[in-house]
Amino acid sequence: MRVRAARGAIVVTEDTREAIHDATEQLLRTVLTRNEIATDDLISILFTATDDLAAAFPAEAARAIGLGQVPLLCAREIPVQGSMASVVRLMVHFHTERALDRVFHVYLDGAESLRDDLDN
């Protein structure tokens with residue numbers, strides 16, 4: 001078993017608790033599914049949100065889908081001038097047999113342009 005990390009991001013439609021939770025859940029479920037990550041394989045998940053998203057913590061969405069035992073951390077994304085707004089990002093650390101080139105990073109709902117070097 002190796003420790004790997006998968007990255008992802010999603011654009012949130014509005015600064016509401018429901019929109020942040022829905023987008024975060026969609027992103028998280030997609031990362032877990034595409035990488036075939038079981039709950040027991042999770043090590044930790046780091047979430048960031050841009051300054052304009054303040055209605056909820058993205059980690060609340062992870063707890064709501066049963067990941068409350070996984071260490072979760074929320075932070076602010078660095079507010080770089082000209083950067084994309086309304087984005088939740090995550091980094092999932094997990095145990096896997098996957099080679100590094102078989103870890104899938106997921107960018108959704110407009111965030112694809114953040115990583116145009118990846119096939120989503």
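Values quoted throughout were computed directly from the atomic coordinates according to the rules given, and no laboratory measurement underlies them. The model shown is predicted, which means the values in this text are computed figures rather than measured ones. So basically every Cβ, Gly included, is an ideal-geometry build from the backbone, and we count neighbours across all protein chains shown.
Computed quantities for the displayed model
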| read-out | value |
| --- | --- |
| For G8, distant residues with modelled amide H under 5 Å away | L90, V106 |
| Cα point-scatterer Debye curve for the chain, base-10 log of I(q)/I(0) at q = 0.21 Å⁻¹ | -1.19 |
| Fewest-first sequence of L100, L73, L42 by Cβ atoms within 10 Å of each Cβ | L100, L73, L42 |
| Estimated FRET transfer efficiency when R0 is 25 angstrom, pair E97-I65 (beta carbons, to 0.05) | 0.55 |
| Gyration tensor verdict on region 55-104 (Cα atoms; rounded if a/c is under 1.5, prolate if a/b is larger than b/c, oblate otherwise) | oblate |
| R0 of 41 Å, Cβ-Cβ distance M84-M1: FRET efficiency to nearest 0.05 | 0.75 |
| Between 0 and 90°, nearest 10: helix 17-34 axis offset from the chain longest Cα axis | 30 |
| Relative contact order (percent, whole number), the chain, Cα cutoff 8 Å, 6+ residue spacing | 44 |
